[in-house]
Amino acid sequence: MDKEYTCKGGVIKSETLTECSNEFLTPRGFSGPFVGKIPVVLAEPVIQIDVESVIQLDEPAFEIKRIKKNLFITQCKLIDTGFDYECKTKKTGKLFLSGYVRKNIEYATADCINQSKDGISGKIKHTTVKVPFQCATKIIFDVPPVICQTGPAKEIASFVDNIKGNDFCGQEIIGSDPCEMGFAHVECFNEKVFCELEEVKIFEDDILKDPKGLGCYGKEEFIFDKIIEKMVIFIRLKLLQKQQVNIPGKEIGDKKK
């Protein structure tokens, strides 16, 4: 065999590793109770989003081989709307959600047709697209978010009983000092509500748009370059906010629950 056709693939190095020894320690912590600031689950909704799109392929396709999908969230913004007007027992909010489904479509082309031997040949191509989606949905909190509001500035008046000058009757004037004014402004800051993506389920149906037959080769064979795609997306999220929580602890070594 010629040297230039020799394969380069093969194992360069292989080594069997021995097992390392270890030691297990007992975790130790503070004896409670104490206060911690931890992410608290406010709600865990499952959101349904229906999307219909038309996808253009780079070349006419003979057959779809595989479609790989991944969902990404670009916006997850919560607005607190107060108590529910219907039951008035739980606080509610509005979640604005947007993102896209990244789809990698692998398809086969029909570049060569052999009618005498009933054969079709082509290449494996791919097209990657981002199908966007956005919606707003109502959220009912299991645990309401902790929100404080910044109040308006307050004016503080100083009392004085020797205001310069007298009224027209000759009596002394007492009251707030017009030469001195004070103001109080309180500004508080809230922990942001953030999202965690827990699970995604996508059910879809792809319909070929404007398929074209392959001439006299066969009525059942055709090519296409557009796909009408209908998707039903289920997104399970966790809405969380860092809150101060009383954590009941136990003495180290205590076996009571």
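Things worth noting here:
- Taking label points 7 Å from Cα along the Cα-to-Cβ direction, Ile228 and Thr128 give a separation of 2.9 nm.
- Inter-probe distance in nm under a simple model that places probes 7 Å from Cα toward Cβ, at Leu17 and Lys201: 3.9
- Between Ala153 and Thr89, the FRET efficiency estimated from the beta carbon spacing at R0 = 41 angstrom works out to 0.70.
- In terms of distances greater than 18 angstrom between alpha carbons, the cross-link table entries Lys201/Lys242; Lys65/Lys125; Lys69/Lys201 yield Lys201/Lys242.
- Length available on full extension from Cys188 to Ser53: 0.36 nm per residue minus the Cα-Cα distance, which gives 44.1 nm.
- Peptides 97-103, 34-40, 228-234 ranked from most to least packed, by the mean per-residue count of other Cβ atoms within 10 Å: 97-103, 228-234, 34-40.
The numbers here are math on the coordinates, done by the rules we state, and not lab data. Computed from a predicted model, the values in this text were never measured in an experiment. A quick note on method: Cβ atoms are made from the backbone with ideal geometry, for glycine too, and the neighbour counts reach across all protein chains shown.
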